[in-house]
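The values are calculated or read from the model by the stated rules, or taken from the named source; none is laboratory data. Just so it is clear, the model here is predicted, and its values are computed rather than measured. Glycine also receives a Cβ, built like all others from the backbone with ideal geometry; neighbour counts cover every protein chain displayed.
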Amino acid sequence: MYGDTYHGTGSNAEADRDNKRGFDLSVRLAEREQQTLKRNLTPVDQVAACSHMAPDPKGLPPEYGDENQLVFAANNYLGLTVDKRVQQAAATAAREIGTGAGASRLVTGDTQIHRALERDIAETKNTERSLVFSSGYVTNVGVLSALNPDVIISDELNHASIIDGCRLTNAETLVYDHCDPESLHVTLEQRAREGNSDESWLIVTDSVFSMDGDIAPLRKICTIVEEFDAWLMVDEAHATGLYEDGGGIVQHEGLSDRIHIQMGTLSKAFASQGGYVAGSEDLIEYLLNAARSFVFSTGLAPPAAAAAREALSIARSGDRSAQLWRNVEWLRDGLEEMGYEVWGETQILPVIIGNREDTMALDDRLREQNVVAPGMRPPTVPEGTSRIRVAPMASHTNEDIDRCLTAFRKAGRDLDLL
């Protein structure tokens, strides 16, 4: 029993505990600090294009600074977290249904707002049905572990939730070169020669990659997957809501009928919380029975479901995505004209610096000018590709974009990067 494992008190108790089979976390933290990998929480006063920020208060209340920070670091791409329509939808659901689901969806946590959201997602993604989970992370983990294929073939830069999902299966996981259809084809050919003809294969890729801002060649991948009679799962977390009719890259390229599993999140463009999977009737029925992260989790909170549904409606009918792409083009052009190297082809703008020390110095100089655009360094990104990840929102004004560019120009010159 837990209560019987330790009976010491006071300083001697601390010494005894250090000699037990425990964890010296102070050493681990010191190691992370030495490797410049230790992170701190940074409270904000609101989730928006501009926010007051506070240094990490640990267990105390945050103390916010006087100046507004321009946030180019969030995935709130359409800027809908503070939209009154989205807030009202959440408030109405809280009042009429409740603040929480109260139980697993399979018990009593399944409400009309969950079902309405799932119908809207399925319509947007051009599938028979969809299923909403409590986060995007547990969606990937749940889908992969429930399907438990014999072999998973994964893009080398797929999200951590896909990697962890692979680890929870009994599958042999093969990795192909990033966004390289030829590498994928070679990998599948080799497996076909060496493996069992009865194996189940699942190819998994992000559609938009969160660090490089590039897009998977989905049409070519579909053709290869079909050649080998396998299944394809596409993670649309950073694409959902930004393209035609609120869809993602899959819809933008007209590939809904060629992809077996479409996954995405509600916490980015849809300004809420949660994840979803969309596909066939059989897929959804199987997952709601077999995905442990769905079966054994309390259902998504009704206000979150309502907020996501309203955000999806706005994305489908409004001009938010058009404004986002205007801001993206303006920022990219401005940064490149200064001499910065900007990767990607989406709303994620990785400004490549290369050296990790220079990158973090640029991060600091931008913050001094009240612009928050985070530095990304190894192991998050490959060695030699440290970068500032710039993520504009549709809600950034022309003045905001100009201020961001001015900050990059001054910081770059001060650090001899331009």
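Considering only residues that are among the β-branched types (Val, Ile, Thr) and either in a strand (DSSP E or B) or outside the structural domain of PHE296 (by TED's automatic domain parsing) (or both), which ones fall in the stretch 140-158?
Of everything in the stretch 140-158, those that are among the β-branched types (Val, Ile, Thr) and either in a strand (DSSP E or B) or outside the structural domain of PHE296 (by TED's automatic domain parsing) (or both) turn out to be VAL151, ILE152, ILE153.
Return the residue satisfying two criteria in turn: it lies in the stretch 1-38 and is surrounded by fewer than 10 Cβ atoms within 10 Å (Cβ to Cβ) and modelled with pLDDT of 80 or more, and of such residues it is farthest from PRO374 (Cα to Cα).
Top of the filtered list is ARG21.
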### Message
I need a count of the residues in the stretch 216-239 that are surrounded by 23 or more Cβ atoms within 10 Å (Cβ to Cβ) and either touching a Lys or Arg at 6+ places or on another chain (Cβ under 7 Å) or not assigned by TED's automatic domain parsing to the domain that holds VAL204 (or both).
### Response
2
### Query
Does GLY79 satisfy the condition of being crowded, with 16+ Cβ neighbours inside 10 Å, among the small types (Gly, Ala, Ser) and part of a loop (DSSP other than H, G, I, E, B)?
yes
### Query
Inside the stretch 347-361, can you point out the residues that are touching a residue at least 40 places away in the same chain (Cβ under 8 Å), in a helix (DSSP H, G or I) and crowded, with 19+ Cβ neighbours inside 10 Å?
ARG356
### Task
Just name the residue that is farthest from ALA269 (Cα to Cα) out of those in the stretch 220-250 that are in contact with a strand residue (DSSP E or B) (Cβ under 7 Å, 6 or more places away or on another chain) and part of a helix (DSSP H, G or I).
VAL225
### Message
Cβ contacts < 9 Å: first residue within 20 Å of ASN289 (Cβ to Cβ), restricted to the stretch 107-124; second residue in a loop (DSSP other than H, G, I, E, B) and of a type in the set (Val, Ile, Thr), any location; separation 6+ or different chain. Result?
### Response
THR111/ILE97; ILE121/THR127; ILE121/THR240
### Message
If I filter the stretch 186-198 for residues that are at pLDDT 95 or above, touching a helix residue (DSSP H, G or I) at 6+ places or on another chain (Cβ under 6 Å) and either in the same structural domain as LEU283 (by TED's automatic domain parsing) or farther than 21 Å from HIS260 by Cα (or both), do I get at least one hit?
### Response
no
### Task
Can you confirm whether the stretch 404-416 contains a residue that is buried (at least 20 other Cβ atoms within 10 Å of the Cβ), charged (D, E, K, R) and assigned by TED's automatic domain parsing to the domain that holds ASN327?
no
### Task
Take ARG309 and decide whether it is modelled with pLDDT of 95 or more, buried (at least 23 other Cβ atoms within 10 Å of the Cβ) and within 26 Å of GLU156 (Cβ to Cβ).
no
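Quick one: in the stretch 317-346, of everything that is of a type in the set (D, E, K, R) and crowded, with 17+ Cβ neighbours inside 10 Å, which residue is nearest to TYR77 (Cα to Cα)? First the steps, then the outcome.
Pass one, the stretch 317-346, residues of a type in the set (D, E, K, R): 319-320, 326, 329, 332-333, 336-337, 341, 345.
Going one step further and asking which of them are crowded, with 17+ Cβ neighbours inside 10 Å, we end up with 320, 332.
Details: ARG320: 9, ARG332: 16 Å.
Among them, the one singled out is ARG320.
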### Message
Test of understanding: among ALA90, ALA48, which residue is outside the structural domain of ALA278 (by TED's automatic domain parsing) and either surrounded by 11 or more Cβ atoms within 10 Å (Cβ to Cβ) or modelled with pLDDT under 90 (or both)?
### Response
ALA48
### Residues of the stretch 380-403 classified as surrounded by fewer than 21 Cβ atoms within 10 Å (Cβ to Cβ), on the phi < 0 side of the Ramachandran plot and either of a type outside the set (A, V, I, L, M, F, W, C) or not in a helix (DSSP H, G or I) (or both), total
11
### Summary
How many residues of the stretch 265-286 are farther than 17 Å from TYR137 by Cβ and surrounded by fewer than 24 Cβ atoms within 10 Å (Cβ to Cβ)? The answer is 7
### Task
Just give me the residues in the stretch 331-346 being in a helix (DSSP H, G or I) and either free of Cβ contacts under 8 Å to residues at least 12 places away in the same chain or within 24 Å of the chain's Cα centre (by Cα) (or both), in sequence order.
LEU331, ARG332, ASP333, GLU336, GLU337
